[in-house]
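Each reported figure results from applying straightforward, stated rules to the coordinates on display, with no laboratory input. Just so it is clear, the structure is predicted and the values come from calculations on it, not from any experiment. Cβ sites come from the backbone with ideal geometry, for glycine too, and all protein chains shown count toward neighbours.
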Amino acid sequence: MSHFNKTAADPENLSQFSFLNKSKTFINFARQQLGKFGLVFTFFLLAAVISVLSPYFLTVDNLINVLMQASINLIIALGMTFVIATGGIDLSVGSIVGLAGMIMAKLLISEVSLPLTLGITLLCGVLMGAVNGILITRIGLPPFIATLGTMSIYRGVSLISNQGRPAYGLSSQMLKAIAGRIGPIPIPVVIAFISAIIAFFVLMYTIIGEYTLAIGGNEEAVRLSGVPVARYKTIVYSISGLMSSLAGIVLTARLTAAEPIAGTGYELDAIAAAVIGGTSLSGGVATIFGTVIGALIMSVLRNGLNLLNIQSYYQLVAIGSVIVIAVTIDTLRRKK
């Protein structure tokens, strides 16, 4: 038989196909690993440059400060990662941080126990996120418009709750369980680390994570397969609200006071951390490890700009440029 008459069922052809499939799998795996290593390399390169420009960067106190700043952004960015993975966006996270802090402060001032206060505050965050999800899935509002509206509403409620004034009088001893330290490690960093582990598990090994990525990849196909898309998208926005309220709790405990304008602009850092980390704005692709590194990059960048005495106006330009570059890279990667 001529070799031109061989079919795909021939052992030789099957081995060739198997080799090609394994090669493609290896190449895709290598690309993912290079992307991760490239992100880590970028982080260390940025840290190295700043450490050369400022002798204060590598001091223990400053590095702990970097981790503290990254912890709050990371907690918010974890929830944002789920939202962006569905192809959505949540602009209300900063306002939820501020309102959650005010709720926590009001309850503690009213002498409600700390465990009950934390439970109520987290529940309020879940409900605020669920409102976003309902507006998007049941009313049909675009995620940008829905969360832009609730961003204003939640901020307004936060300001109204105490006539625009900060809420003081919180017991620093009571809040040590949230803002204290375990040895040299700040508890907020531990909370952020544990949150990242849980988020990784939920995204990779639960039905919520599976449907989150599937909805972002092809929402119509998921809907036609019988999955209740509206329910799972609402759950995703509720997760974002939960993480934002947790960040509000951590921030309030650190300050031992609640600012009604706390969290302003945090949504930009959260989006940047997720996108820099490799979560695609078109949905369907997300990585918790990348979000962790993205949050660290944002924290190192802000810290470095402060150490170098760069005015806040220029810092806004720098942060905005990072976001534009990250989105551009994501767009080019998807086109390729």
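Worth a mention:
- Springs between Cα atoms under 10 Å define the GNM used for the chain, and in it the highest mean-square fluctuation of Ala47, Ala179, Ala130 occurs at Ala47.
- Angle in degrees between helix 93-109 and the longest Cα principal axis of the chain, rounded to the nearest 10: 40
- Reducing the range 272-336 and the range 143-203 to their Cα centroids gives an inter-centroid distance of 21 Å.
- The chain: angle of helix 114-134 to the longest principal axis, Cα-based, in degrees nearest 10: 50
- 5 angstrom amide H check on Arg181, placed H, neighbours 5+ away: Ile187
- The phi torsions of the range 194-202, fed into the Karplus equation with coefficients 6.51, -1.76 and 1.60 and a -60° offset, translate into couplings of 5, 4, 5, 5, 5, 4, 4, 4, 5 Hz, rounded to whole numbers, with Gly and Pro shown as x.
- For the range 211-336: rounded, prolate or oblate by the Cα gyration tensor [a/c cutoff 1.5]: oblate
- Net charge, Ala258 excluded, C-beta distance under 12 Å - Lys, Arg +1, Asp, Glu -1: +2
- Using only side-chain charges placed at the Cβ, +1 for Lys and Arg and -1 for Asp and Glu, the dipole size of the chain relative to its Cα centre rounds to 240 debye.
- Folded to 0 to 90 degrees: helix 207-217 orientation relative to the chain principal axis, Cα: 70
- Counting only DSSP H runs of at least 4 residues, each contributing -39500 (n - 2.57), and dividing by the residue count of the chain, the helix-based mean residue ellipticity at 222 nm comes to -25000 deg cm²/dmol.
- Among Ala214, Ala270, Ala230, the residue with the largest mean-square fluctuation in a Gaussian network model of the chain, with springs joining Cα atoms closer than 10 Å, is Ala230.
- Net charge of Cβ neighbours under 15 Å - reference Tyr211; Lys, Arg +1; Asp, Glu -1: 0
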